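What follows draws every value from the coordinates through simple rules; no lab data is involved. Since the model is a prediction, treat every value here as computed from it, not as a measurement. Using ideal geometry, Cβ is built from the backbone for each residue, glycine included, and neighbour counts are taken over all protein chains shown.
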Amino acid sequence: MQIYAQLEHIFRILNIDLFDDRLPVPAFTFFSSQKKNGWYFKEKKVQYVISINEEELEKDVKEIVQNMLHCMVHEYCKVFSISDTSRNGRYHNKRFGECAKAHGLVIEHNSKEGIVTTGITPEVENVINHKLFDVREKMDTALKAEREKREKRFERRQENIISSYSCIWECPICHAKAKASYNAKLICGYCLVPMNRI
């Protein structure tokens, strides 16, 4: 949850400073895939969504802000009905370039993708230095907490898988046997001693 809060914080600061607070806050989703990288802006039925490869959040704050601004320009174009792409969203047109430039992105033209964002303006760097100066530290803390939470969920799942296996238990005295789950704690009904897993 902390990661979402950090991304929303970045979005709100940029929205206020560069978009005059005209954009609705999108939902943020994460994916981890070696095949896909980067950030993706989508329009769902009721809400805008920014999907991010989790590895992107380990990058420099300037790159995070640049990618966030790129998505925000797409959202701005959707909100104000500006056609900003063609070729099924793979080519950023001149209107995208104009909006990107007006909102703090440095742009270049390339024949394959059209307008590409290559950096941020000094105005945006100023926003980072004065209002987002502690984002890297907070993002690292949030990423660490999220990974720990995920590892605990994985461990619990593994424990549940192991505990669902049936094992044979045996009394060390009378050698009576019983079948129970891996994590069971059995006591021999005859000898009243704990049984051992075999």
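Neighbours of Ile120, meaning other residues whose beta-carbon lies under 10 angstrom from its beta-carbon, give a summed charge of -2 when Lys and Arg score +1 and Asp and Glu score -1. Dipole magnitude for the stretch 2-149: about 660 debye, using +1 per Lys or Arg Cβ and -1 per Asp or Glu Cβ, origin at the Cα centre. Of the residues Val106, Phe19, Phe31, the one whose Cα sits farthest towards the positive end of the charge dipole of the chain is Phe31 (charges of +1 on Lys and Arg Cβ, -1 on Asp and Glu Cβ, taken about the Cα centre). Taking each residue as 0.36 nm, the span from Glu170 to Thr118 lengthens on full extension beyond its C-alpha to C-alpha distance by 11.9 nm.
With R₀ set to 35 Å, the beta-carbon distance separating Glu63 from Gln158 gives a calculated FRET efficiency near 0.50. With the simple spin-label model, which puts each label point 7 Å out from Cα in the Cβ direction, the Ala145 to Tyr4 separation comes to 1.3 nm. As a proxy for reagent exposure, Tyr40, Tyr76, Tyr182, Tyr190 were ordered by neighbouring Cβ count within 10 angstrom, fewest first; the result is Tyr190, Tyr182, Tyr40, Tyr76. May I ask for the net charge around Gln158, where only other residues with Cβ less than 14 Å from the Cβ of Gln158 are counted and Lys, Arg are +1 while Asp, Glu are -1? Spelling it out: positives minus negatives among the neighbours equals +2.
Against the main long axis of the alpha-carbon atoms of the chain, helix 122-131 sits at an angle near 40°. Excluding same-chain neighbours fewer than eight residues apart, no lysines are reachable from Lys179 by a Cα-Cα span under 20 Å. Look at His92, His103, His109, His9 and count the other Cβ atoms within 10 Å of each Cβ; fewest to most, that gives His109, His9, His103, His92.
Exceedance of the 23 Å cut-off in Cα-Cα distance is limited, within the set Lys78/Lys101; Lys62/Lys144; Lys152/Lys177; Lys44/Lys94; Lys42/Lys94, to Lys152/Lys177; Lys44/Lys94. Give the relative contact order (percent, whole number) for the chain; include only Cα pairs under 8 Å separated by 6+ residues. Value for the chain: 14 percent.
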